[in-house]
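No value in this document is a laboratory result; all are computed from the given coordinates. Computed from a prediction, not measured in an experiment: that's the story for all the values here. Using ideal geometry, Cβ is built from the backbone for each residue, glycine included, and neighbour counts are taken over all protein chains shown.
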């Protein structure tokens, strides 16, 4: 039988945390989100592999606000696109602690159907400011 685990909104909220309940929220303070192309690894514990690093940004501390297991990021300082041609965009992201311990991988695309909406490929040009992450939402999956 295939797995089909789902969390209730209350369980997802507890997993993310809310400032009172620890959850994932404290780990996301000053965490770094890095964007990549190519194949997303099977889990955040797996090596990134041979992919292009499109750039990264550091989350604020605290990372943002939480409601029902969904984090809305606060003001994220801009980064710089480290790889980009304006023709392709990153396909996945990894969030890691400031010390580099991986926490969360997810998909990227140009719509809200992805874990992170990174906009069109034309936004990703080498040495252009990486902007627009402030207010982005990240949700505990499968709830």
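Observations on the model:
- Taken together, the criteria place residue 54 among residues that are more than 26 Å from residue 12 (Cβ to Cβ) and in a strand (DSSP E or B).
- Options 66, 87, 32; residue that is buried (at least 17 other Cβ atoms within 10 Å of the Cβ) and more than 14 Å from the chain's Cα centre (by Cα): 66
- Condition check for residue 102: surrounded by 15 or more Cβ atoms within 10 Å (Cβ to Cβ) and in contact with a strand residue (DSSP E or B) (Cβ under 7 Å, 6 or more places away or on another chain): yes
- The residue that is surrounded by the fewest Cβ atoms within 10 Å (Cβ to Cβ), among those in region 90-99 that are over 11 Å from the mean Cα position of the chain (by Cα) and under 14 Å from residue 35 (Cβ atoms), is 91.
- Subset tally (residues that are within 13 Å of the chain's Cα centre (by Cα) and surrounded by 19 or more Cβ atoms within 10 Å (Cβ to Cβ)) for region 69-82: 3
- Positions within region 116-132 being crowded, with 18+ Cβ neighbours inside 10 Å and assigned to a loop (DSSP other than H, G, I, E, B), in sequence order: 118, 124
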